[in-house]
Amino acid sequence: MMTRWSDLNQVLGAMDLFRTRMNNVFNEFDRSHQSDLPWTGNGSFPRTNLTDTGDNLEVIAEVPGVAREDLNVKIQGNYLEISGQCASDAPEGYTVHRTERKKTSFSRSFTLPYDVDADKVQANIKDGLLKMILPKSEKAKPRQISIN
């Protein structure tokens, strides 16, 4: 049985339309930078990595465009909270033609796997990354037990 080219073109056209519509669905879902969309979570900023380096926990959080003065970090026991504000104001004397970055505040909290010695925490911000070294408290560090 021979298939007519018009039938084949119709099938391929329908598949192309389906693919285009599915791409549009996924593109809409990926727009997580728009905080007014219902499926975007408020707790997704800043994106954060937490690494255990033995005696310390290392936290790296992405905070692009956030000044040091606009960041707050609180640590109590094994609880860490990072909060702050993202400013998007144009410098004085400039005219705004387009604004996609909103002035917003954020807050993100974590339960750390260990208690942390808050007095020895080191934190710095460079190139939009907040890097913190959180020393484990003495009671959280493993101890060698001698057997008699």
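Values in this text are rule-based calculations from the coordinates and carry no lab data. Note that the structure is a prediction, hence the values are computed from the model and not measured. For neighbour counting, all protein chains shown are included, and Cβ atoms are generated from backbone atoms with ideal geometry for every residue, glycine included.
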If one compares the long axis through the Cα atoms of helix 5-29 with the longest principal axis of the Cα atoms of the chain, the angle in degrees, nearest 10, works out at 30 degrees
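Quick one: compute the contact order of the chain, relative version, from alpha carbon pairs under 8 angstrom and 6+ residues apart, as a percent.
21 percent
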Is it possible to state the helix-based mean residue ellipticity at 222 nm for the chain, with each DSSP H run of 4+ residues giving -39500 (n - 2.57), the sum divided by total residues, to the nearest 500 deg cm²/dmol? What is it?
-> -6000 deg cm²/dmol
Want the number for Glu138 to Val11: 0.36 nm per residue separation, take away the alpha-carbon distance, what's left?
-> 38.9 nm
Report the label-to-label distance for Ser146 and Thr104 in nanometres (one decimal), using points 7 Å from each Cα along the Cα→Cβ vector.
-> 5.7 nm
What label, among (i) 87, 65, 26; (ii) 81, 52, 42; (iii) 37, 36, 34, belongs to Cα extents along the principal axes in Å computed from the structure on display?
-> (i)
Output the peptides 119-131, 72-84, 48-60 sorted from most to least packed, where packing is the average of other Cβ atoms within 10 Å over each peptide's residues.
-> 72-84, 48-60, 119-131
Once Lys and Arg are counted +1 and Asp and Glu -1 for all other residues with Cβ under 11 Å from that of Arg47, the total becomes 0
Net lengthening on full extension, Arg19/Val73 (0.36 nm per residue, minus Cα-Cα) | 14.9 nm
